[in-house]
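Structure, as structure tokens:
Taken together, the values in this text are just the output of simple stated rules run on the coordinates, not laboratory data. Since the model is a prediction, treat every value here as computed from it, not as a measurement. A quick note on method: Cβ atoms are made from the backbone with ideal geometry, for glycine too, and the neighbour counts reach across all protein chains shown.
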Amino acid sequence: MDRINYDILRVAKGQKPSRIPIWIMRQAGRYLPEFLELRKKYDFFTIVNTPSLAAEVTMMPIRRFDLDAAIIFSDILVVPQAVGMEVVMEPGVGPVLPNPISVPSDLVRLNFKVDVKEAMKGTLQAISETRKLLGDKEVALIGFSGAPWTLMSYMIEGGGSRTLSKAKSWLYRFPEESIDFLKGLTEVVINYLVEQIVQGAQVNKHSFACFTIILETLYRCCKYLSLTQSIFPQISS
């Protein structure tokens with residue numbers, strides 16, 4: 001295997017590479033003029049959920065730059081969409097979930113037993129198509145998902161939040177239901193990430209963006225660590 005691919009996979013395994021491989025967060029997106037042209041024709045989630053479009057956007061930075069990996073063009077909020085929530089991309093605002101989870105009884109709206117192969121086929125097929133487009137390029141393909149707490153936060157807040165006041169309040173008010181919520185999301189994320197690997201992703205990235213807002217004591221009492229760690233051994237097996 002060429003050192004470009006070899007090094008980024010070694011880094012993912014915690015091994016020492018011959019050099020530092022390079023990829024960029026959001027490396028396919030708004031800074032690319034060809035992406036902006038595509039956005040004039042299609043809305044964000046149409047691109048995400050259409051395999052040929054998502055694969056094409058994933059390849060845009062690979063054609064421009066000497067990068068060591070492609071990261072599939074998708075969004076962490078395809079998971080809430082898959083379990084039954086509406087997600088829209090509002091211009092100038094970002095992702096919005098119009099009907100957030102407000103109380104435990106709202107959880108009946110969510111299907112944690114969803115068939116990810118069907119519900120997330122747009123991204124999964126895009127991974128397969130991207131591997132074909134990469135051809136003999138020595139470039140790894142990265143898949144990703146939001147971590148359970150990050151996803152739960154968006155689903156309760158109804159979008160992004162600097163404070164996560166609603167989500168943190170949920171944890172205090174409904175501790176047992178919070179664990180059920182996180183466990184349900186964890187199962188979906190596990191199945192999704194495993195299927196990404198089946199479709200051709202060589203590395204998986206997990207978004208823990210909302211962890212920085214959680215106090216250590218709250219983190220421990222709600223068992224986030226054990227829930228999150230449960231993902232990794234199941235994927236590796």
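Residues in segment 125-135 carry Karplus couplings, in order, of 5, 5, 4, 4, 5, 5, 4, 5, 5, 5, x Hz; the curve used is 6.51 cos²θ - 1.76 cosθ + 1.60 with θ = phi - 60°, and Gly or Pro positions show x. If R0 is taken as 45 Å, the Cβ-Cβ distance between residue 90 and residue 65 corresponds to a FRET efficiency of 0.90. Ranked by the mean number of other Cβ atoms within 10 Å of their residues, highest first, the peptides 98-105, 114-121 fall in the order 114-121, 98-105. Using θ = phi - 60° in the Karplus curve 6.51 cos²θ - 1.76 cosθ + 1.60, the 3J(HN,Hα) couplings for segment 67-74 round to 9, 8, 8, 9, 10, 4, 7, 7 Hz; x is entered for Gly and Pro. Magnitude of the charge dipole for segment 1-140, about its Cα centre and with charges confined to Cβ atoms of Lys, Arg (+1) and Asp, Glu (-1), is about 360 debye. Measuring r between the beta carbons of residue 46 and residue 165 and using R0 = 41 Å, the FRET efficiency lands at 0.80.
Once you have the Cα-Cα distance between residue 138 and residue 179, take 0.36 nm times their residue separation minus that, and quote the gain in nm to one decimal. Could you put the intermediate results ahead of the total?
Details: separation 41, 0.36 × 41 = 14.76 nm, distance 4.16 nm.
Full-extension gain reported as 10.6 nm.
Peptides 13-19, 89-95, 169-175, 154-160 ranked from most to least packed give 154-160, 169-175, 89-95, 13-19, packing being the mean of other C-beta atoms within 10 angstrom over each peptide's residues.
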